[in-house]
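Undergrad: Encoded as structure tokens, here's the structure I'll be asking about.
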2 protein chains.
Amino acid sequence: MKHTIYGKELANMPYQPRPEGSFSPIWRYTENPVINRNPFEGASRVFNSAVIAYEGEFIGVFRADTTTGIPYLHLGRSKDGIHFSFDKEPIIFYDNKGKKVTLEYAYDPRLVELEGTYFIIFCTSNHGPTLGLGKTKDFKHFELIDNPFLPFNRNGVLFPRKINGQYAMFSRPSDSGHTMFGDIFLSYSKDLEYWGHHRHVMEKGYEWWCGTKIGAGPAPIECDLGWLVFFHGANLTCSGLVYCIGAAIVDRDDPSKVLHRCSNFLLAPEEPYEVAGFVPNVLFPVSTLTDAKTGRIAIYAGGADTITELLFTDIDTVIDYILKNER
Amino acid sequence: MKHTIYGKELANMPYQPRPEGSFSPIWRYTENPVINRNPFEGASRVFNSAVIAYEGEFIGVFRADTTTGIPYLHLGRSKDGIHFSFDKEPIIFYDNKGKKVTLEYAYDPRLVELEGTYFIIFCTSNHGPTLGLGKTKDFKHFELIDNPFLPFNRNGVLFPRKINGQYAMFSRPSDSGHTMFGDIFLSYSKDLEYWGHHRHVMEKGYEWWCGTKIGAGPAPIECDLGWLVFFHGANLTCSGLVYCIGAAIVDRDDPSKVLHRCSNFLLAPEEPYEVAGFVPNVLFPVSTLTDAKTGRIAIYAGGADTITELLFTDIDTVIDYILKNER
């Protein structure tokens with residue numbers, strides 16, 4: 001390996017090598033989708049969801065659009081990171097006084113381990129869509145911290161370690177609708193309750209594939225060059241938005257500094273389960289598994305707001321591609 | 001007086017009693033506008049500006065739309081609160097390391113004294129409109145604190161004292177355009193740098209005059225019933241927005257609790273300098289002067305995004321009107 005992931009080994013993570021003849025920097029699992037329509041009773045579509053290694057196996061927080069159309073978060077477990085069983089009841093959050101919190105809706109969760117605590121960052125409502133921030137140590141009791149930001153915000157991603165002693169969060173200030181604009185910002189906190197020192201990180205692209213808006217995806221991956229950031233970029237066509245996967249490397253100590261930004265998308269919606277579904281043409285990366293020993297990276301992505309799929313790459317392939325095609 | 005303003009005496013504040021025959025809870029200064037078009041070289045319109053008592057006279061931070069159309073903040077001084085002289089150069093802010101800060105634009109300033117420091121809260125850009133927060137002790141050196149919130153936000157108003165030991169700020173989450181929606185939120189901070197515990201305070205009205213959006217106006221006035229809050233409410237007509245003045249009383253210790261909200265506007269744009277101008281039909285309250293001894297209240301308001309005018313009321317009249325016409 002030319003490049004190094006700073007992280008743990010994860011020998012049992014799902015992985016397949018790049019198919020013969022492919023020149024794509026990200027490739028698909030041959031048995032996609034890993035979660036298809038109607039995966040459990042009451043859930044019509046499970047997508048845009050996050051998986052993490054936990055106690056030798058895998059656990060995830062999943063966006064399940066119910067048969068009312070309203071999304072909530074459900075826990076799912078897997079031995080191999082591919083086949084999941086789901087809790088039929090949504091995750092229940094409690095406030096710091098132990099009182100049950102009722103969420104109007106909850107969607108697009110990210111899941112990040114930081115100093116032994118697992119944080120769930122998702123979109124919920126405080127009189128308008130904004131970020132929800134929950135935490136658990138055991139995936140049994142879930143505490144909801146106060147909303148970090150005012151409405152309107154989406155695509156919040158906590159960094160997996162503190163930076164200069166502070167918690168750091170990517171987010172994407174939005175509007176109350178489908179948000180036909182959007183850049184990635186960075187905010188800091190000493191206590192996860194009060195946030196400030198907001199910095200602009202990356203704007204939507206002059207490149208057409210991300211020319212309407214961008215938003216952070218999985219938790220950043222620390223590597224030898226800085227933080228590897230996968231993000232989604234959207235392009236408005238005459239028939240709606242098309243969502244692709246992009247990537248950049250930002251500074252280790254000041255993630256508002258973009259060191260390398262790839263001009264190209266790394267993967268676009270092309271497969272039937274990406275180009276057709278509840279929302280056609282959406283490929284939406286939400287979480288990764290990584291193995292520091294081999295440099296392997298697995299990406300969980302939503303397809304067409306309908307299914308969950310697995311994608312693969314490795315640290316050398318993705319960094320080579322970013323550097324070769326950087327702005 | 002039936003009701004009491006909790007604050008200082010201000011015997012020399014501008015004031016006129018309610019005209020004979022008027023039944024309006026707020027009335028206009030007979031010599032309005034107090035600042036007309038082109039008040040000083042380079043400034044085409046001075047409006048939506050804030051005045052405060054200072055060293056026995058009056059000082060203000062004024063929105064001056066320049067002949068490029070871009071607004072900046074200028075200092076103005078007055079012996080009587082009616083006739084102002086202006087600094088021709090805009091206010092220059094420095095960061096906490098003494099480095100000059102360049103603002104892309106600055107508008108709609110509020111000016112609040114809190115524990116001997118004067119805070120200026122205004123709209124500026126951090127890759128999109130959001131709140132700027134400056135402070136001064138002498139109106140000579142101005143320090144810019146970090147932007148309290150992510151974009152998009154406007155109409156930030158700091159409370160004139162800490163609440164339960166924390167700074168408190170009203171704001172109005174917005175979008176990147178002319179924002180055809182908007183409610184008032186409350187946020188807290190221990191240090192003015194990191195903000196959290198965001199609470200919804202008041203939604204736009206079912207009443208038509210404020211049916212599109214509302215936003216906080218002058219700094220809240222502490223009185224015997226709680227905090228007296230003047231705000232603006234806007235109503236979208238087929239020819240644009242009409243801005244009126246509304247009022248409510250919120251809880252002293254938890255200003256997210258609305259105790260009394262007036263269903264009626266208190267004053268609507270009716271005079272020629274309010275119904276016609278750069279933006280017709282705007283009456284936009286930004287600051288108040290109060291005299292605790294007499295209960296008198298003077299309101300500085302922008303008219304038609306063009307001129308600055310003075311309005312008057314008193315604590316009994318305004319509270320009686322709110323209580324008589326509350327929801």
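Undergrad: Scan (1) under 22 Å from A:Ile184 (Cβ atoms); (2) touching a residue at least 40 places away in the same chain (Cβ under 8 Å) for the single condition B:Leu158 breaks and write down its number.
TA: Going through the list (1) under 22 Å from A:Ile184 (Cβ atoms); (2) touching a residue at least 40 places away in the same chain (Cβ under 8 Å), B:Leu158 breaks only (1).
Undergrad: If B:Phe86 meets every condition in (1) hydrophobic (A, V, I, L, M, F, W, C); (2) open to solvent by less than 30 Å² (accessible area, probe 1.4 Å); (3) within 20 Å of B:Ser287 (Cα to Cα) apart from one, which number is that one?
TA: B:Phe86 satisfies every listed condition except (2).
Undergrad: I need the full set of residues from the range B:167-181 which are under 16 Å from the mean Cα position of the chain (by Cα) and either at pLDDT below 95 or more than 9 Å from chain A (Cβ to nearest Cβ) (or both), in order please.
TA: Of everything in the range B:167-181, those that are under 16 Å from the mean Cα position of the chain (by Cα) and either at pLDDT below 95 or more than 9 Å from chain A (Cβ to nearest Cβ) (or both) turn out to be B:Ala168, B:Met169, B:Phe170, B:Arg172.
Undergrad: Next question. Can you name every one of the strands (runs of 3 or more DSSP E) wholly within the range A:231-327 that holds 3 or more residues which are open to solvent by less than 10 Å² (accessible area, probe 1.4 Å)?
TA: Values: elements: A:240-250, A:258-261, A:283-291, A:296-303, A:307-314.
Once the strands (runs of 3 or more DSSP E) in the range A:231-327 are filtered for at least 3 residues that are open to solvent by less than 10 Å² (accessible area, probe 1.4 Å), what remains is A:240-250, A:283-291, A:296-303, A:307-314.
Undergrad: For the range B:127-144, give me each residue that is within 11 Å of chain A (Cβ to nearest Cβ) and open to solvent by 20 Å² or more (accessible area, probe 1.4 Å).
TA: Initial filter on the range B:127-144 (within 11 Å of chain A (Cβ to nearest Cβ)): B:127-131, B:133.
The answer is B:His127, and nothing else.
Residues are listed down the side, and each one gets a yes or a no for (1) in contact with a strand residue (DSSP E or B) (Cβ under 6 Å, 6 or more places away or on another chain); (2) open to solvent by less than 50 Å² (accessible area, probe 1.4 Å); (3) on the phi < 0 side of the Ramachandran plot:
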| site | (1), (2), (3) |
| --- | --- |
| A:Pro14 | yes, yes, yes |
| A:Phe23 | no, no, yes |
| A:Tyr29 | yes, yes, yes |
| A:Val34 | yes, yes, yes |
| A:Ala43 | yes, yes, yes |
| A:Phe58 | yes, yes, yes |
| A:Leu75 | no, yes, yes |
| A:Thr117 | yes, yes, yes |
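Undergrad: Please verify whether the range A:100-115 includes one or more residues that are within 14 Å of another protein chain (Cβ to nearest Cβ) and touching a residue at least 12 places away in the same chain (Cβ under 8 Å).
TA: Yes: the range A:100-115 contains one or more residues that are within 14 Å of another protein chain (Cβ to nearest Cβ) and touching a residue at least 12 places away in the same chain (Cβ under 8 Å).
Undergrad: Would you pick out the residues in the range A:148-166 that are open to solvent by 10 Å² or more (accessible area, probe 1.4 Å), more than 7 Å from every other protein chain (Cβ to nearest Cβ) and more than 18 Å from the chain's Cα centre (by Cα)?
TA: Result: A:Lys162, A:Asn164, A:Gly165, A:Gln166.
Undergrad: Further, regarding this structure: Which number in (1) open to solvent by 20 Å² or more (accessible area, probe 1.4 Å); (2) within 14 Å of another protein chain (Cβ to nearest Cβ); (3) farther than 22 Å from B:Tyr107 by Cα marks the one condition that B:Glu193 misses?
TA: So B:Glu193 meets the others, but not (3).
Undergrad: Next up: Filter the range B:1-12 down to the residues that are aliphatic (A, V, I, L, M), open to solvent by less than 40 Å² (accessible area, probe 1.4 Å) and part of a loop (DSSP other than H, G, I, E, B) and list them by number.
TA: So the first thing to find is which residues in the range B:1-12 are aliphatic (A, V, I, L, M), and the list is B:1, B:5, B:10-11.
Still in the list and also open to solvent by less than 40 Å² (accessible area, probe 1.4 Å): B:5, B:10.
Once the filter is applied, which keeps residues that are aliphatic (A, V, I, L, M), open to solvent by less than 40 Å² (accessible area, probe 1.4 Å) and part of a loop (DSSP other than H, G, I, E, B), the range B:1-12 yields only B:Leu10.
Undergrad: Moving on. For the range B:42-53, indicate whether the set of residues that are away from chain A (no Cβ under 14 Å), of a type in the set (D, E, K, R), closer than 30 Å to A:Phe181 by Cβ and touching a residue at least 60 places away in the same chain (Cβ under 8 Å) is non-empty.
TA: First, the residues of the range B:42-53 that are away from chain A (no Cβ under 14 Å): B:42-53.
Right, trim to of a type in the set (D, E, K, R) and you get B:45.
Within this subset, residues satisfying the condition of being closer than 30 Å to A:Phe181 by Cβ are B:45.
When the remaining residues are screened for being touching a residue at least 60 places away in the same chain (Cβ under 8 Å), the result is B:45.
Yes: the range B:42-53 contains one or more residues that are away from chain A (no Cβ under 14 Å), of a type in the set (D, E, K, R), closer than 30 Å to A:Phe181 by Cβ and touching a residue at least 60 places away in the same chain (Cβ under 8 Å).
Undergrad: Considering A:Gly205, A:Gly215, A:Gly196, A:Gly226, which residue is small (Gly, Ala, Ser) and under 21 Å from A:Gly302 (Cα atoms)? Don't jump to the end; show me each part of the working.
TA: Working: A:Gly205 fails: under 21 Å from A:Gly302 (Cα atoms); A:Gly196 fails: under 21 Å from A:Gly302 (Cα atoms); A:Gly226 fails: under 21 Å from A:Gly302 (Cα atoms).
Checking each option against the conditions leaves just A:Gly215.
Undergrad: Answer yes or no: is there a residue in the range B:126-135 that is part of a loop (DSSP other than H, G, I, E, B) and within 20 Å of B:Phe170 (Cβ to Cβ). I'd like the intermediate steps shown before the answer.
TA: Within the range B:126-135, the subset part of a loop (DSSP other than H, G, I, E, B) is B:126-128.
In the following step, the residues that additionally are within 20 Å of B:Phe170 (Cβ to Cβ) were identified as B:126, B:128.
Yes; the residues of the range B:126-135 include at least one that is part of a loop (DSSP other than H, G, I, E, B) and within 20 Å of B:Phe170 (Cβ to Cβ).
The values are calculated or read from the model by the stated rules, or taken from the named source; none is laboratory data. None of the values given here were measured: they were computed from a predicted structure. We place every Cβ from the backbone using ideal geometry, glycine too, and count neighbours over all the protein chains shown. Just the protein is used for accessible areas: all its heavy atoms, side chains included, with ligands, DNA and RNA removed. Shrake-Rupley method; radii C 1.70, N 1.55, O 1.52, S 1.80 Å.
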